[in-house]
1. Tell me the label-point distance for the pair residue 301, residue 168, using the 7 Å Cα-to-Cβ offset, in nm and rounded to one decimal.
2. Could you tell me what fraction of 2.2 N^0.38 Å the Cα radius of gyration of the stretch 59-217 comes to, as a two-decimal ratio?
3. In degrees between 0 and 90, to the nearest 10, how far off the longest principal axis of the chain does helix 142-163 point, with axes built from Cα atoms?
4. Find the relative contact order for the chain and round it to a whole percent, using C-alpha pairs within less than 8 Å whose residues are 6+ positions apart.
5. For the modelled label position 7 Å from the Cα of residue 241 along Cα-to-Cβ, which residues of the stretch 170-193 have backbone nitrogen atoms closer than 18 Å?
6. Take the alpha carbon atoms of the stretch 292-366, find their center, do the same for the stretch 113-176, and report the distance between the two centers in whole angstrom.
7. Could you give the angle, 0 to 90 degrees to the nearest 10, between helix 46-62's Cα long axis and the longest principal axis of the Cα atoms of the chain?
8. How high is the relative contact order of the stretch 142-318, given as a whole-number percent (alpha carbon pairs under 8 Å, six or more residues apart)?
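Values quoted throughout were computed directly from the atomic coordinates according to the rules given, and no laboratory measurement underlies them. Being a predicted model, the structure only gives us computed values, none of them experimental. Heads up, the Cβs are rebuilt from the backbone with ideal geometry, glycines too, and the neighbour counts pull from every protein chain shown.
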């Protein structure tokens, strides 16, 4: 009888210890910090460092662990794929991804979808991803941001547009790095559409007086093309190389006088650099092309100097800090089962007067 009692006591002890261990394990599992993987297009450039700062700030606010990884350059597609594979092997509760090439990560996206791991796109996101694999995107509304550039330019050139005639037409040039990337296409479309709307609403001109010409990818089916008073040239260099963007800029500048070019919008840093290379870092603009209005996009040392020296009217900057912050915030909310949707992380216009303001200065990365 004593033996039986001892057996019972031992068994009870074992059960209690096991129960305690299971309970402790469960508590430990519940308290384990959620892990979110952030896979970027890069990491070295100041833009991505600002994205990283925002992502880390959101991680602290929401109590999650993150890794932030990006390849050495935006041409290192396979390295990014390997980074994504490595992150997935760590069993993240969610992933934030700015894909260099969607086709290269299709298998991974199908797998995250199968496993129920939320994926948030950021920056340019993951265009043409498998349906249902991307829960939401944290990115700049490039169409709206370029529209702000059109508004700023129109304020200055409105009078010249009003004075244009068929005998003395005026022109506006939009330089786009290529005709393939979603973000650049959106910027070209946003400037084009906004400047047309402003001309029609803010002057005596009608759509019949306007003509959109140039690269066919930027001339929509409903774009006005028959006018001969205001010409909007949509220009795409032969490639994104420094030589080709500079050559394209030189060709435009050679037409400034003959075509009465009022303004040039450079839709990204590559086209800005091309224009700067063709104008002695912008110093030739006020001397050789007085009155020409130039607005850029993004930042960079050369562009910031051109704005500060008033060679450019100003530029549009994205908010990389908010891109990173919102990407992690969306990832966390998706993991928690909350409904998420696309977020516009914003953009701002800066010029020589406001570029040192507290709300602008931190966005002007090199």
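1. 4.4
2. Normalised Cα radius of gyration, the stretch 59-217: 1.42.
3. 10
4. Across the chain, relative contact order equals 19 percent.
5. 177-179
6. Using only Cα atoms to place each centre, the spacing works out to 14 Å.
7. For 46-62 against the chain, the angle is about 40 degrees.
8. Averaging sequence separation for qualifying contacts and normalising by length gives 24 percent for the stretch 142-318.
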